[in-house]
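Okay, structure first, notes after.
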Amino acid sequence: MTGRVMIVTGANSGIGYEVARYLAEGGNDVVLACRDKDKGEDAVQRIQRDLPNSLVQAMTLDLSSSTSIREFVREFARKKKKLSVLVNNAGVALNSKDQTRKTNKDGNEITMAVNHLGPFLLTNLLVDYLIQTAHILGDSRIVNVTCAAHDHENSSYKNSKLCNVLFTYQLADKLKGTHVTCNCIDPENFRTSYANIFKPQNSQTMTRFFFAPWKLMLKYMIILCLIIHFLTFFFLIPKGETGKFYKDGVPDRSSIESYDVDLQKSVWRMSSKLMNIRSSNLGDDLDDISLS
């Protein structure tokens, strides 16, 4: 895809930033949706410094706040742009040793709010734009960044990531016939590889063989290779393929429970209720979505 309008959440750093930069380099009009306005603007400046002719802009989006999400959609709607791609990348993993239950202003547990409920609301509010663009340009895409996380210490994180997959499968089913595809990808090996290479014990071993400048250079070479690997399979999902879980560049099996259709529907209904979605515009017997 080139010359398309794309939104990437959590795009001021890490995977989100690299995805946004890669898309901008391909000639796309990219919106960096970031919680921190200043960090978002800084990310835009970094991209424009390297790619002077790139079309990138930052917009404020706090996925823990339904008010912020609805305002983001209102602002995007005023731009009258044809949205082709939504990358739900932003996420949070709180310290598993901290047993204090943290909630957002809506009263929802913060990890579930940011990792699932926020993207769920955002996607529902933007889906009409994606469908309209698909009718004009032939296709649109939704990509949910998740992970297997079945043995994660933090149960809130684990459950939120399971909801990502359940949401992806149910959304893909609801979008059949619209030319809008929805898939989820697991970049966990990207994160795990980096963490393993640079965890303290390995870092100390490397120091014995490399002077600091060489160690730093090796570090960035490894990061670059991992990013290239991640981006390669991220953007090579075949056109029209939907409802898939990708890992290591190929479709993979997610957890057994993620294929439970009744659970998928239950999570959808629960999420709609919690986020006050009176319609998903995806075949539910509810009222129209209200952005008020």
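The values are calculated or read from the model by the stated rules, or taken from the named source; none is laboratory data. Keep in mind the model is a prediction, meaning the values are calculated, not measured. Because the Cβ atoms are built from the backbone with ideal geometry, glycine has one as well, and the counts that use them run over all protein chains shown.
Just a few scattered comments:
- Test for residue 100: is it without any contact (Cβ under 8 Å) to a residue 24 or more places away in the chain, exposed (fewer than 15 other Cβ atoms within 10 Å of the Cβ) and more than 24 Å from residue 165 (Cβ to Cβ): yes
Every residue, every condition in (1) surrounded by 11 or more Cβ atoms within 10 Å (Cβ to Cβ); (2) at pLDDT below 60; (3) part of a helix (DSSP H, G or I), yes or no:
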| site | (1), (2), (3) |
| --- | --- |
| 230 | yes, no, yes |
| 242 | yes, no, no |
| 254 | yes, no, no |
| 258 | yes, no, yes |
| 277 | yes, no, no |
| 288 | no, yes, no |
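Yes or no, residue by residue, for (1) buried (at least 22 other Cβ atoms within 10 Å of the Cβ); (2) out of contact with any helix residue (DSSP H, G or I) (no Cβ under 9 Å at 6 or more places or on another chain); (3) farther than 21 Å from residue 180 by Cβ; (4) at pLDDT 95 or above:
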site: 15; (1), (2), (3), (4): yes, no, yes, no
site: 38; (1), (2), (3), (4): no, yes, yes, yes
site: 46; (1), (2), (3), (4): no, no, yes, yes
site: 57; (1), (2), (3), (4): no, no, yes, yes
site: 71; (1), (2), (3), (4): no, yes, yes, yes
site: 84; (1), (2), (3), (4): yes, no, no, yes
site: 94; (1), (2), (3), (4): no, no, yes, no
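- Residue check: residue 93 meets all listed conditions (1) among the hydrophobic types (A, V, I, L, M, F, W, C); (2) closer than 26 Å to residue 130 by Cα; (3) out of contact with any Asp or Glu (no Cβ under 6 Å at 6 or more places or on another chain) but one, namely (2).
- Residues that are free of Cβ contacts under 8 Å to residues at least 40 places away in the same chain and under 13 Å from the mean Cα position of the chain (by Cα) were ranked within the range 1-33; the one that is farthest from residue 53 (Cα to Cα) is 14.
Residues checked against (1) more than 28 Å from residue 240 (Cβ to Cβ); (2) out of contact with any Ser or Thr (no Cβ under 7 Å at 6 or more places or on another chain):
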position	(1), (2)
7	no, yes
11	no, yes
17	yes, yes
23	no, yes
27	no, no
44	yes, yes
74	yes, yes
83	no, no
91	no, yes
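- Positions within the range 111-130 being touching a residue at least 60 places away in the same chain (Cβ under 8 Å) and farther than 16 Å from residue 161 by Cα, in sequence order: 122, 124, 125, 126, 127, 128
- Taking the range 161-188 as the range and being closer than 22 Å to residue 92 by Cα, part of a strand (DSSP E or B) and hydroxyl-bearing (Ser, Thr, Tyr) as the test, no residue passes.
- In this structure, residue 80 does not qualify as among the basic types (Lys, Arg), touching a helix residue (DSSP H, G or I) at 6+ places or on another chain (Cβ under 7 Å) and either under 21 Å from residue 177 (Cα atoms) or without any contact (Cβ under 8 Å) to a residue 24 or more places away in the chain (or both).
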